[in-house]
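One structure below.
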Amino acid sequence: MSYAMTCCGPNRRRVLHALGLAAAAPLLAVGPARAQPNTTIATDLEVVTVTDASVVLTWTTLGLDAAGAPVPAAAGTEVRLAPADSSAPPVVRFSEDSQRTPYHYAEIAGLEPGRAYRFEAWSDGVRATPAVNLVTRMPQAPECTGEFTTLAPPPGRLLRTVALCNDVHFGEDVSGLVAAGLPPGVRQEPGLAPYPELMLAAVLDDLRRPDRAADRLILAGDLTSEATPDQARGVRRMLDEWGVAGRDWFAVRGNHDRPHTGADYAGCPPVDADHHDCWGESFGARGEVVDEKVGGLRLLGLDTTELDGAGGSIDRAQFDHVRDLLRADPDRPTLVFGHHPVTLDSAVSNIAGPPFVLNRADATELQTLYRSAPGVFLHHSGHTHRNRLSHPDIPLSVEFLEVAAVKEYPGGYTLLRLYEGGYTANFYKTRTEPSRRWSTRTRAEYLGLQPEYTLGTTTDRNHVVLRDLSGLS
């Protein structure tokens with residue numbers, strides 16, 4: 001049986017029931033579910049990634065146990081597709097019943113660029129519907145319309161693929177806290193691996209797979225939770241096992257990685273009478289600019305952190321250094337990365353307000369500097385833990401892109417595929433079973449509003465920019 005997708009789903013009573021279960025389910029244990037027969041609910045449907053030739057859909061299945069409580073329920077995974085301009089019914093393009101799971105991840109490849117498709121996601125005869133989140137229930141959202149359109153790639157050859165990520169928080173043990181233990185955070189289930197390690201391992205596993213094939217990884221800060229020596233060494237060890245620093249991966253610090261005070265840090269290099277820099281001991285000195293070339297691509301990494309506090313700034317020495325680098329070669333294709341978002345749009349739209357991002361004077365100076373360097377095409381930041389594509393404050397041909405956190409829902413990274421005639425940007429959730437399990441659990445953060453704030457729109461996560469990048473190799 002099939003039915004048309006609408007923003008309210010197939011049946012109001014069924015959807016309201018699903019929403020109640022979805023609100024309760026993320027914090028439940030996710031061992032083998034013992035749901036009653038015929039109680040399956042398929043919810044949280046998200047069309048996460050849309051490329052020129054593929055789509056990734058995720059959803060969750062729930063059921064009721066003998067006491068009537070919601071439990072994650074393992075089920076099969078099926079996706080049906082058809083061209084939107086075809087009258088033929090959708091056909092099965094993905095089917096997995098042997099590895100049943102509550103946490104469904106379906107990737108369908110071999111699609112045509114620039115074409116609209118109708119889709120249906122199913123589990124054990126139940127069609128998946130979106131959760132009650134504005135971002136997936138807006139009238140034009142693919143989860144509501146039941147349609148998506150693949151991207152049209154830029155012209156020319158694919159030259160290289162770069163992964164962007166941030167906010168690992170290695171060493172953290174409660175996710176989703178803001179201040180004084182509030183709002184209620186989420187902990188990993190007993191006996192499972194610490195979630196920052198689990199999520200970073202899932203990213204690193206993904207990037208070397210043939211269908212991702214990232215040749216460089218850029219990390220825009222907050223690699224650690226509190227920059228202790230063990231945390232800095234631990235995350236550095238994981239990255240070194242994946243690749244070579246300065247060749248395969250590049251990192252800048254975030255506010256969590258800043259120099260700290262106290263006895264736990266006393267053995268690390270001092271930056272003044274009170275602060276010691278344990279992150280810098282493993283990664284690089286405070287205020288250091290990352291300046292690397294990968295073929296014809298220049299990577300510039302900024303330290304936007306302050307000694308105390310969550311907000312961002314750039315010191316004069318960094319500004320002078322970056323200005324000299326850009327002035328010497330203004331047309332070279334350049335990707336800049338730093339932890340704190342830059343634009344006024346980011347300042348007023350994040351939940352912590354303007355003090356949380358780069359201060360306005362430095363943000364203005366940085367954007368003005370980009371105006372004199374036409375090779376700068378993208379500025380990657382983290383910090384807000386969300387996917388957001390923001391517009392510059394002045395006329396400027398630079399994309400300012402915030403990427404969602406590695407450590408929690410939606411839990412992933414963005415791939416930049418660089419072509420001779422531009423690039424595509426696509427956000428991917430990680431796909432190991434443990435990472436999908438944790439990502440779903442952390443949907444409950446911020447009193448259940450985490451998906452509303454962090455997932456971003458389809459365009460925030462998936463878009464094409466046309467630009468001459470033919471000088472890259």
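The values are calculated or read from the model by the stated rules, or taken from the named source; none is laboratory data. These numbers were taken from a predicted model, which means no experiment stands behind them. Positions of Cβ are generated from backbone atoms using ideal geometry, with glycine treated the same way; all protein chains shown enter the neighbour counts. Surface accessibility is based on the protein's heavy atoms, side chains included, excluding ligands, DNA and RNA. Shrake-Rupley method; radii C 1.70, N 1.55, O 1.52, S 1.80 Å.
Tabulated values for the structure
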{"item": "Test result for P229, of a type outside the set (S, T, Y), more than 25 Å from the chain's Cα centre (by Cα), open to solvent by less than 60 Å² (accessible area, probe 1.4 Å) and assigned by the TED database to the domain that holds R417", "result": "yes"}
{"item": "Residue check for G296: over 16 Å from G254 (Cβ atoms) and in contact (Cβ under 8 Å) with a residue 12 or more places away in the chain", "result": "yes"}
{"item": "Whichever residue in the range 271-319 is assigned to a strand (DSSP E or B) and among the β-branched types (V, I, T) and, among such residues, is surrounded by the fewest Cβ atoms within 10 Å (Cβ to Cβ)", "result": "V294"}
{"item": "Whichever residue in the range 94-152 is of a type in the set (S, T, N, Q) and in a helix (DSSP H, G or I) and, among such residues, is farthest from T39 (Cα to Cα)", "result": "T145"}
{"item": "Selection count where residues are of a type in the set (A, V, I, L, M) and touching a helix residue (DSSP H, G or I) at 6+ places or on another chain (Cβ under 6 Å), scope the range 437-472", "result": "2"}
{"item": "Subset tally (residues that are surrounded by 18 or more Cβ atoms within 10 Å (Cβ to Cβ) and either on the phi > 0 side of the Ramachandran plot or in a strand (DSSP E or B) (or both)) for the range 350-359", "result": "1"}
{"item": "Residues satisfying the stated conditions in the range 287-322, i.e. farther than 19 Å from L217 by Cα and in contact with a Lys or Arg (Cβ under 6 Å, 6 or more places away or on another chain)", "result": "T305"}
{"item": "Breaking point among (1) in contact with a Pro (Cβ under 7 Å, 6 or more places away or on another chain); (2) surrounded by 22 or more Cβ atoms within 10 Å (Cβ to Cβ), for L198", "result": "(2)"}
{"item": "Some residue of the range 53-63 being assigned to a loop (DSSP other than H, G, I, E, B) and polar (S, T, N, Q)", "result": "yes"}
{"item": "Odd one out for W122, checked against (1) in contact with a helix residue (DSSP H, G or I) (Cβ under 6 Å, 6 or more places away or on another chain); (2) farther than 19 Å from H463 by Cα; (3) of a type in the set (F, W, Y)", "result": "(1)"}
{"item": "Flag if A66 is of a type outside the set (D, E) and either in a strand (DSSP E or B) or at pLDDT 95 or above (or both)", "result": "no"}
{"item": "Number of the condition not met by A163 [criteria: (1) open to solvent by 10 Å² or more (accessible area, probe 1.4 Å); (2) over 23 Å from E452 (Cα atoms); (3) assigned to a strand (DSSP E or B)]", "result": "(1)"}
{"item": "From the options P139, P113, residue that is open to solvent by 10 Å² or more (accessible area, probe 1.4 Å) and at pLDDT 95 or above", "result": "P113"}
{"item": "G156 vs. criteria in a loop (DSSP other than H, G, I, E, B) and more than 30 Å from G110 (Cα to Cα)", "result": "no"}
{"item": "Positions within the range 295-313 being of a type outside the set (G, A, S) and touching a Phe, Trp or Tyr at 6+ places or on another chain (Cβ under 9 Å), in sequence order", "result": "L299, L300, L302"}
{"item": "G448, sole failed condition from (1) modelled with pLDDT under 95; (2) under 30 Å from P333 (Cβ atoms)", "result": "(2)"}
